[in-house]
Amino acid sequence: MATRQFSRLIIFTAAFAFTTLLLFSGPTVSSAGKADRSAPTAPTNLVVTAVTDWSVSVTWQPSTDNSGKFSYRVRITNLNNSTYNSLATVSQSQTTYTAKYLARDSNYTFAVYAVDDSGNKSADSNIASAHTLADTTAPTGPTLQASVLSPSQVQLTWSKSTDNIPTNCCNYGINLNGARITQNVNWLSQTSAVIRHLQPGTGYSFSVTASDFSGGNATASNVVNVVTPPSSDTLPPTVPTNLHLVSDNSCAEVWIGWTEASDNKDSEANIEYEIYVNGVLSPLPVNSGVDLDFVYGTAFGDNYFTIRAVDKSGNSSAPSTPLKLFLWPC
Ligand SMILES: [Ca+2]
Ligand SMILES: [Ca+2]
Ligand SMILES: [Ca+2]
């Protein structure tokens, strides 16, 4: 009896083992010819063929694959700033690629691998290195013209500069008697500005410097000499009153209003207003003959605004009574 049971156990175990072999091994063996598990060969001989300040071209020897169908990936690595890293897809028929919009004056490495239609990846090719060019050429110098607007104001207008790299041009700076100025400049456009608070009856020389956005390279315009007309007006306008909030646009941008000043010589339409934010002159352009303007708060929490009236001879009123506003810059 015991021997019979043992024989049945042997037969059962053998049958189970055979079924297991069919279920788990058999199908895998029979479909091996359909699934592609063979990776393409790695691309070889990757070389850099061209470099500009913003692009690098590479070429390589092609991969092969058992399926006959694959594409390439170009791995672009910026060694100075990983935010410029990227991965480009290139079709099988192509063995060249030009990476564009790269950072200037930066070290890059490139590697290429192939991926077949089943997702099998080859090993990387050799690594090729390149250094994108720096911009070492300055923009052309602007051609500057000046016109006197009043005893205290001169308008400058200049031609647009051109550069070897148009997307890297241009910042403009204004020089008064050879020194860069940033205060009391009303920028009308990129190529025009009004210089304010000059002295009546005084000679000045102006020039404008054009520079690459990336800095370092600059060319000055011609120098223009002007003499402001004399003025006998030494009395400032009255102090603007009733400084108040007109509207709060959030992000600390507010419109503030006031009661206009008057002057001994200039009409209301010719009186300009300067807004001071926490004691600092707002860099936004100054307007004349207005009773409201917009301005940005610069502090988290309480901001103090004052306003001065300025006549055409450059005489400034005392500051108005401060307006306190609770604001949150964005
Ligand atoms: Ca394959
Ligand atoms: Ca340049
Ligand atoms: Ca006056």
| query | P151: within 16 Å of ligand 3 (Cβ to nearest atom) and either closer than 30 Å to N225 by Cα or without any contact (Cβ under 8 Å) to a residue 40 or more places away in the chain (or both), yes or no? | reply | yes
| said: Just the residues that are surrounded by 19 or more Cβ atoms within 10 Å (Cβ to Cβ) and assigned to a loop (DSSP other than H, G, I, E, B), please, taken from region 288-309. | reply: G297
| request: Go through L149, L144 for me and flag whichever is more than 16 Å from ligand 1 (Cβ to nearest atom), hydrophobic (A, V, I, L, M, F, W, C) and surrounded by fewer than 17 Cβ atoms within 10 Å (Cβ to Cβ). | output: L149
| task | Any chance you could count how many residues in region 247-273 are farther than 12 Å from N315 by Cα and either within 16 Å of ligand 2 (Cβ to nearest atom) or β-branched (V, I, T) (or both)? | result | 3
| note | Checked region 310-330 for anything surrounded by 14 or more Cβ atoms within 10 Å (Cβ to Cβ) and in contact with a Phe, Trp or Tyr (Cβ under 6 Å, 6 or more places away or on another chain); matches are P322, L323
| field | Residue that is farthest from N168 (Cα to Cα), among those in region 64-106 that are within 16 Å of ligand 2 (Cβ to nearest atom) and of a type outside the set (D, E) | value | A103
| For residues in region 44-67 being more than 16 Å from ligand 1 (Cβ to nearest atom) and in contact with a Pro (Cβ under 8 Å, 6 or more places away or on another chain), which is farthest from A128 (Cα to Cα)? | Q61
| field | Residue within region 225-242 that is among the hydrophobic types (A, V, I, L, M, F, W, C) and within 16 Å of ligand 3 (Cβ to nearest atom) present | value | yes
| message | List pairs: first residue in region 178-192 and closer than 19 Å to D311 by Cα, second residue in a loop (DSSP other than H, G, I, E, B) anywhere in the structure, Cβ distance under 6 angstrom, at least six positions apart or on different chains. | response | N184/R196; N184/H197; N186/P285; N186/V286
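Quick grid of which residues meet (1) charged (D, E, K, R); (2) crowded, with 19+ Cβ neighbours inside 10 Å; (3) within 16 Å of ligand 3 (Cβ to nearest atom); (4) in the same structural domain as L102 (by TED's automatic domain parsing):
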| residue | (1), (2), (3), (4) |
| --- | --- |
| G119 | no, no, no, yes |
| D124 | yes, no, no, yes |
| D163 | yes, yes, no, no |
| R180 | yes, no, no, no |
| Q183 | no, no, no, no |
| W187 | no, no, no, no |
| Y204 | no, no, no, no |
| S211 | no, yes, no, no |
| V223 | no, no, no, no |
| task | Inspect all residues belonging to region 269-286 and state whether any of them is surrounded by fewer than 17 Cβ atoms within 10 Å (Cβ to Cβ) and within 18 Å of N242 (Cβ to Cβ). | result | no
| Within region 309-329, can you find the residues that are under 38 Å from the mean Cα position of the chain (by Cα) and hydrophobic (A, V, I, L, M, F, W, C)? | A309, V310, L323, L325, F326, L327, W328
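The values are calculated or read from the model by the stated rules, or taken from the named source; none is laboratory data. Here the structure is a predicted model, which is why all the values come from computation and not from measurement. Cβ sites come from the backbone with ideal geometry, for glycine too, and all protein chains shown count toward neighbours.
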